[in-house]
Amino acid sequence: MKNKNFFFYLLFFFLISYFYLNFRMTSYVIDIRREIFYLRFFRYFLCIFTGIVLTTSGSVMQVIFNNPLVDPYVLGISGGALFGFTLSSIFFRGNLFVSLLFSFIFSILASLISLSFSLSLKGEKKITVLLSGLLTNILFSSLVILLSIVSKNNSTSLFYSMMGSLNYPFIRTNLNFYLFVGFFLILSIFLILIKSKELDMISINEEIAKTSGVDVKKNFYILLLVVIFQTSIIVSFTGVIGFVGMIIPNIIKISGQTKNREIFFNSIIIGAALVLLADFISKYSFQYEIPIGVVLSLFSLPLLFLIVKINFENL
Amino acid sequence: MKLKNINIFLILFFYISVFSQRIVSLAPNVTETLFYLSYGDKIVGRTSYCDFPPEVKNIKIVGSFIEFNFEDILSVKPDIVFFSNNLTPKAKTFLEEEKIRYFDVKMENITQVVEGMREITKILDKDFDSTKIDTIVKRIDNIKKQNDSLKILVEVSQQPFIVATEESYIGSILSRMGFILPKIGYNEKPYVTFSFENVLSFKPDIIIFMHGYKKSKNKYSILPGYKKIKFIFLDHQQIDVFSRPGPRILESIDLLEDLLL
């Protein structure tokens, strides 16, 4: 790794990890520490996976859509996944596999709706994509609200699933299933890393990529499917968490990285660290937990404004 | 000699299993009930909304009404966790995973309050003198009644416009007192959203406001008998009493009798 920043980021990540895992640990009674550590350790891994997946999927989408302002949340993919998850939790109570399947199916549906909206709109593509994503988001969030009003049970936790919460109750007997899912997530991230050279070509110019033998369309669909897969899994664990995938790759681009491989590596580390930090804040800032989406949106709003401003000046 | 030892151990075991119960109460009304039934010293965790009686201040907060901090719950090592109509699927999986006993005590209307209290004492099984519950039952039986069959509307919130029905806590007391409350067809929810058309057809004689926004009185001015309607505004403490179905039922019955009869 050539850049010095990477090691700085890595240090930052380890520092936050240390704090996250050890905070207030000494205030607990010794015989309960082990249990609490298990609980926290599971959540720590969930945080890391969330950060990694959201940032990689965001940066991949920014390349394949050739638009720096998209991520799975903006395009409505997360909204579709949440709808599928809510549907499955009503009809198949708590079955993990079915909920993952449902959220995957509905996030595919959401992305199809979003894409078809944007294709049928005339005008600047960078803006029509965002608008169609907005429409899809409205559609699916109102469907989720409708579902949870009709079925009385889920209405209390609706708020936390719509703003995202990492307070996920792990079941030890399901450990193998979690490992299985985690393995597939890691596999999908590797697939993206392998494709990073082709993504470099695409991000420079689609025509040049075509002439040098990169099948742009095929890559587009494969990578979109991978992103949808990743996002739907994470959403069915944590709920919708927005903007992480948009902000972090852009910040790294602003700081001077251009190669996609470098952007991926850096943004994975920063994404994981940022989600850990946000979860830490959401856990301990009040006497009770607040949704992590609230924390992330509040803190990232100035950055978001900056990114939008820079990108629209180049438009 | 040996037999004696075994007996001592048995007594010790019994003592530990009965008297060392550590309770986490995740609903304000259950906390009040536990203190009323003198189990207060066993509570080791509460929600951020539990603020009555004042002794609860020393107890650790482990969550809000709908979101609970699992680490904190685990850290106080509870034996029993109480909910009241707010058991989320997440909390359920967590408690089943950690093998902690949990109970969802439904205390919404006046009969459920008494049943809930009995349920709690049964769960915490202690040879218990039921005088405290009996006083509540007696008080409920002796509610003063009015015979004019007046119509009463309890406005819980202004925006959205939500009113209490007979299934709610305050509604069940009022209906025992002989008042008529709004009813929306098949709906048996304690609190329902209401529209102004419903108000016009209901024609209330008395309106109680369970929120602090006093200007919401103005919107009833188009009702035909506006000047005859009795408006009652509750203060913050009274609202707390009426929104928590628990042992303060004695207080709330007294209050309603003072206000209305």
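To the nearest 20 debye, what is the magnitude of the charge dipole of the protein assembly as shown about its Cα centre, counting +1 on the Cβ of each Lys and Arg and -1 on the Cβ of each Asp and Glu?
520 debye
If we count trypsin sites (Lys or Arg not before Pro) as exposed when they sit in a DSSP loop and have at most 15 other beta carbons within 10 Å, what is the longest stretch of chain A that avoids them all?
Here the longest segment lacking exposed loop sites spans A:123-258.
Taking the C-alpha atoms of the stretch A:176-304, how large are the radius of gyration and the largest Cα-Cα span, Dmax, in Å?
Expressed in Å, the Cα Rg and Dmax of the stretch A:176-304 come to 16.9, 59.
Here is the link list: A:283/B:132; A:217/A:283; B:144/B:189; B:60/B:92. Which ones come out longer than 31 Å on Cα distance?
The pairs that break the limit, which is 31 Å between Cα atoms, are A:283/B:132; A:217/A:283.
Hey, got a sec? Which trypsin sites (Lys or Arg not before Pro) in the stretch B:19-121 land in a DSSP loop and have at most 13 other Cβ atoms within 10 Å?
Sparse-neighbourhood loop trypsin sites (Lys or Arg not before Pro): B:99.
Thinking of chain A as a set of Cα atoms, what percent of all their pairs are more than 32 Å apart?
26 percent
Using alpha carbon coordinates only, what is the Rg to Rh ratio of the stretch B:133-210, with Rh defined as the Kirkwood radius?
1.01
When the helices in chain A are scored as -39500 (n - 2.57) per DSSP H run of 4 or longer and the sum is shared across all residues, what 222 nm value do you end up with, to the nearest 500 deg cm²/dmol?
The helix-only estimate for chain A comes to -26500 deg cm²/dmol at 222 nm.
Please report the antiparallel percentage of DSSP beta bridges with both residues in chain B, rounded to the nearest 5.
The answer is about 20 percent antiparallel.
Please identify the chymotrypsin sites (Phe, Trp or Tyr not before Pro) of the stretch B:161-192 that satisfy two criteria: DSSP loop assignment and at most 11 other Cβ atoms within 10 Å. Which are they?
Taking the stretch B:161-192 and a limit of 11 other Cβ atoms within 10 Å, the loop chymotrypsin sites (Phe, Trp or Tyr not before Pro) found are B:186.
Report the Cα centroid-to-centroid distance between the stretch B:224-247 and the stretch A:196-230 in angstrom, as an integer.
Their Cα centres are 65 Å away from one another.
How much of the DSSP beta bridge set in the stretch B:152-260 is antiparallel, as a percent to the nearest 5?
40 percent
Output wanted: per-residue J couplings in Hz (rounded whole) for the stretch B:38-55, from phi through Karplus 6.51 cos²θ - 1.76 cosθ + 1.60, θ = phi - 60°, x for Gly and Pro.
6, 9, x, 6, 8, 6, 10, x, 9, 8, 6, 8, 6, 10, 9, x, x, 4
Normalized C-alpha radius of gyration of the stretch B:35-74, against 2.2 N^0.38 Å?
1.15
Using a Gaussian network model on chain B with a 10 Å cutoff between Cα atoms, which of B:142, B:86, B:29 fluctuates the most?
The residue that fluctuates most here is B:142.
Report, in whole Å, the centroid distance computed from the Cα atoms of the stretch A:285-315 and the stretch A:231-253.
A separation of 12 Å, based on Cα centres.
Calculate the all-directions average of the projected area of the stretch B:71-136's alpha-carbon convex hull, and give it in nm².
Mean orientational projected area (the stretch B:71-136, Cα hull): 5.3 nm².
Given Cα pairs under 8 Å that are at least 6 residues apart, what percent is the relative contact order of the stretch B:115-261?
Once divided by the residue count of the stretch B:115-261, the mean separation gives 23 percent.
Under the Kirkwood approximation applied to all pairs of distinct alpha-carbon atoms, what is the hydrodynamic radius of the protein assembly as shown in Å?
27.2 Å
Other chains' Cβ within 10 Å of A:168-175 residues: what's the mean?
Partner-chain Cβ atoms within 10 Å, mean over residues of A:168-175: 4.
Amide H to amide H under 5 Å from residue B:154: which residues, 5+ apart in sequence or cross-chain, H placed 1.01 Å off N in plane?
B:164, B:208
Mind computing the radius of gyration and Dmax over the alpha-carbon atoms of the stretch A:1-105? Å is fine for both.
Cα only, the stretch A:1-105: 18.7, 54 Å (Rg, Dmax).
Would you kindly calculate the translational diffusion coefficient of chain B, applying Stokes-Einstein with the Kirkwood radius from alpha carbon pairs, for 37 °C and a viscosity of 0.692 mPa s, and quote it in µm² s⁻¹ without decimals?
The Stokes-Einstein estimate is 161 µm²/s.
In the protein assembly as shown, what percentage of the DSSP-assigned beta bridges are antiparallel, given to the nearest 5?
Taking every DSSP beta bridge with both residues in the protein assembly as shown, the antiparallel ones total about 20 percent.
Of all chymotrypsin sites (Phe, Trp or Tyr not before Pro) in the stretch A:51-108, which ones are in loop regions per DSSP and have a Cβ with at most 16 other Cβ atoms within 10 Å?
Listed in order of number, the matching sites are A:92.
Can you find, among B:136, B:158, B:202, the residue farthest towards the positive end of the dipole of chain B? Put +1 on the C-beta of Lys and Arg, -1 on that of Asp and Glu.
Toward the positive end, the furthest listed residue is B:202.
How much mean residue ellipticity at 222 nm does chain B get from its helices, if each DSSP H run of length 4 or more adds -39500 (n - 2.57) and you divide by all residues, to the nearest 500 deg cm²/dmol?
-11500 deg cm²/dmol
Semi-axes of the equivalent ellipsoid for the stretch B:62-102, please: Cα gyration tensor eigenvalues, times 5, square-rooted, ordered largest first, whole Å.
Semi-axis lengths for the stretch B:62-102 are 14, 12, 10 Å.
Using only Cα atoms, what Kirkwood radius does the stretch A:111-201 have, in angstroms?
Result for the stretch A:111-201 stands at 17.1 Å.
Can you list the aspartates and glutamates whose alpha carbon sits under 13 Å from that of residue A:259, skipping same-chain ones fewer than 8 residues off?
A:198, A:200
Taking the convex hull of the alpha carbon atoms in the stretch B:150-261, what volume per residue do you get, in Å³?
Cα-based convex hull of the stretch B:150-261, divided per residue, equals 100 Å³.
No lab work stands behind these numbers, since they all come straight from the coordinates. Everything numeric here is computed off the predicted structure, so don't read it as measured data. Here Cβ is always computed from backbone atoms with ideal geometry, including for glycine, and neighbour counts include all displayed protein chains.
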